[in-house]
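Participant: Following this message is one structure expressed as structure tokens.
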Amino acid sequence: MRLVFWGGAIVVGVVAVLFSIGAQFADRCFHGILFISPWLPFLVMPTGLALSTWLSRRYFAGAQGSGIPQTIAAMQIDNLEQPSGLLSLRIAVGKVFLTILALCCGASVGREGPTVQVGASIMYSLRRFPHFSYRDQMQGLIVAGAAAGIAAAFNTPLAGITFAIEELSRSFAQRTNGLVITAIIFAGLAANSILGNYTYFGTVSTSLDIGTGWLAVIVCGITGGLAGGLFARLLIIASEGWRGVIGQWISENPVMFAASCGLVLACLGLLSGQHTYGTGYDEARDIIAHGDANYPGYGLYKSLATLVSYFSGIPGGIFAPSLATGAGMGALLSHLVSFAPTSTVIVLGMVAYFSGVTQAPLTAFIIVMEMTDNHSIVVPLMATALIAHGISRLICHESLYKALAERFVTRQNV
């Protein structure tokens with residue numbers, strides 16, 4: 001049983017690295033299209049999003065969206081032997097391929113959420129080898145695969161552990177924790193052996209003085225909680241289905257609606273100076289290093305682009321775009337709290353918005369801390385994440401992924 005966990009975790013780590021390389025290649029391809037002409041996205045994005053929607057509905061049903069809600073739902077359905085509509089190697093292949101296709105078209109999506117579903121699908125598919133039968137054992141496979149996926153995708157092992165605890169196993173048996181942690185370690189070793197020991201957003205050396213500097217914590221926490229909670233609430237509303245004549249037209253013409261979303265994304269890209277496309281990794285890294293001088297209004301544009309990308313129904317995650325949105329929001333807030341270091345406020349903005357969206361404050365502050373290799377502002381990061389979580393709960397009363405997962409559970413149990 002342990003060999004299955006460890007071997008599967010290594011496979012998850014390698015697949016996560018290959019997924020990362022594919023996503024980077026896709027991003028370069030799209031920027032090559034922009035280099036040819038800034039108007040080409042008006043042709044490429046509607047066509048690409050329509051194709052992605054058609055393929056996901058025709059061949060890869062269950063691969064739509066982030067992938068995290070499907071993973072959570074897979075552990076809650078009545079019969080864990082039959083979650084084929086949520087976790088399978090077919091879905092894993094489709095998730096990787098269609099997410100890369102979406103990035104080739106410039107959609108504002110991330111690969112980290114999809115890597116969770118891919119990791120869970122790979123580990124779950126291994127249940128046949130030692131003939132796993134107990135529910136806890138199969139849940140352990142899913143949790144370990146998902147956590148290993150997030151750890152390998154961001155190269156943040158501690159975030160993988162907290163993500164497993166906060167999002168995947170809120171009521172899960174404690175005895176599986178050792179297997180989850182070892183799976184994360186093996187996935188991390190596999191990723192490290194290929195890419196080396198790197199930090200997702202580089203190294204940020206910054207601090208925050210006691211006193212007035214902590215006003216930045218309050219400002220970022222409140223703003224990030226409000227913005228993130230609103231974003232999450234809109235996603236939940238969209239998951240419940242569009243209403244009226246518009247909703248009927250969308251349900252009858254999903255491919256055409258995806259093409260329309262592509263046109264909106266192309267417009268947002270043009271208005272933002274071509275900065276809202278893709279994961280937002282390059283923009284976030286540049287904002288952390290140099291501020292928002294070259295990215296006016298980036299946080300708002302990126303948030304809207306991510307919403308539209310999600311509404312279109314294509315596979316793709318919101319982790320990386322949310323972090324990029326938070327960086328843009330933090331850069332904007334740095335002008336308001338100019339007495340605090342700009343880079344500090346930007347990082348606080350990232351953790352605040354991310355915590356507001358996911359309502360997972362532990363994962364938020366640990367993932368940002370590990371991605372920036374900055375341990376000097378751990379307490380401000382924690383405080384900001386907790387404030388944002390509390391504010392977000394006032395706007396969005398249920399956790400985003402929990403709410404989305406419940407929709408999948410209902411469909412599977414019917």
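All of the numbers you see were taken from the coordinates with simple rules; none came from a lab. Since we're looking at a predicted model, the values are computed, not measured. Note: ideal-geometry Cβ built from the backbone for every residue, glycine included; neighbour counts use all protein chains shown.
Participant: Under the rule of at least 5 residues apart or a separate chain, name every residue whose amide H is placed under 5 Å from the amide H of SER66.
Facilitator: Residues meeting the criterion, in which the H sits 1.01 Å from N, are GLY316.
Participant: Hey, another quick one. Peptides 359-367, 4-12: what's the order by average Cβ count within 10 Å, highest mean first?
Facilitator: Details: 359-367: 26.8, 4-12: 22.6.
Result, highest mean first: 359-367, 4-12.
Participant: Residue by residue through the stretch 382-388, which ³J(HN,Hα) values in whole Hz follow from phi under the Karplus form 6.51 cos²θ - 1.76 cosθ + 1.60 (θ = phi - 60°), with glycine and proline marked x?
Facilitator: Once θ is set to phi - 60°, the couplings for the stretch 382-388 become 4, 4, 4, 4, 5, 5, 4 Hz.
Participant: HIS31 to LYS402: FRET efficiency via 1/(1 + (r/R0)^6), r the Cβ-Cβ distance, R0 41 Å, to the nearest 0.05? Write out the running numbers ahead of the final one.
Facilitator: Values: r = 36 Å, r/R0 = 0.88.
In this case the efficiency is close to 0.70.
Participant: Taking the Cα centre of the stretch 1-130 as origin, work out the dipole magnitude from +1 charges on Lys and Arg Cβ and -1 charges on Asp and Glu Cβ, in debye rounded to 20. Show your work: numbers first, answer last.
Facilitator: Values: 9 positive and 4 negative charges, 46 e Å.
Result for the stretch 1-130 is approximately 220 debye, rounded to the nearest 20.
Participant: While we're on this one: Compute the length gained on full extension between LEU126 and ALA289: take 0.36 nm times their separation in residues and subtract their Cα-Cα distance, giving the result in nm to one decimal. Working shown, then result.
Facilitator: On the way: separation 163, 0.36 × 163 = 58.68 nm, distance 4.27 nm.
The LEU126-ALA289 span can extend by a further 54.4 nm.
Participant: Based on the mean of other Cβ atoms within 10 Å per residue, sort peptides 230-239, 111-120 so the most packed one is first. Could the numbers behind the result be given before it?
Facilitator: Working: 230-239: 18.3, 111-120: 31.9.
Result, highest mean Cβ count within 10 Å first: 111-120, 230-239.
Participant: Can I ask one more? Compute the distance in nm between two label points, each set 7 Å from the Cα along the Cα-to-Cβ direction, one at LEU263 and one at LEU394.
Facilitator: Using points 7 Å along Cα→Cβ, the separation is 3.9 nm.
Participant: Please report the spacing between the Cα centers of the stretch 225-302 and the stretch 1-67 in Å, no decimals.
Facilitator: The stretch 225-302 and the stretch 1-67 have Cα centres separated by 17 Å.
Participant: Evaluate 2.2 N^0.38 Å with N set to the residue count of the stretch 261-382, then give the Cα radius of gyration divided by it. Kindly include the intermediate steps, with their values, before the conclusion.
Facilitator: On the way: Rg = 14.0 Å, N = 122, 2.2 N^0.38 = 13.7 Å.
For the stretch 261-382, the normalised Cα radius of gyration comes out at 1.02.
Participant: Sort the following peptides by mean Cβ neighbour count (other Cβ atoms within 10 Å, averaged over residues), highest first: 318-327, 142-151.
Facilitator: On the way: 318-327: 29.7, 142-151: 32.7.
Answer by packing, highest mean first, reads 142-151, 318-327.
Participant: Then there is this: Cα gyration tensor of the stretch 299-365, axes a ≥ b ≥ c as square roots of the eigenvalues: rounded (a/c below 1.5), prolate (a/b > b/c) or oblate?
Facilitator: Numbers: a/c = 3.34, a/b = 1.70, b/c = 1.96.
Since a/c reaches 1.5 but b/c is at least a/b, the shape of the stretch 299-365 is classed as oblate.
Participant: So, one more: By counting other Cβ atoms within 10 Å of each Cβ, how are ARG58, ARG28 ranked from fewest to most?
Facilitator: Numbers: ARG58 9, ARG28 12.
Least to most surrounded, the residues fall as ARG58, ARG28.
Participant: What spacing in nm lies between the two simple spin-label points modelled at ALA61 and SER338, each 7 Å away from Cα in the Cβ direction?
Facilitator: 5.8 nm
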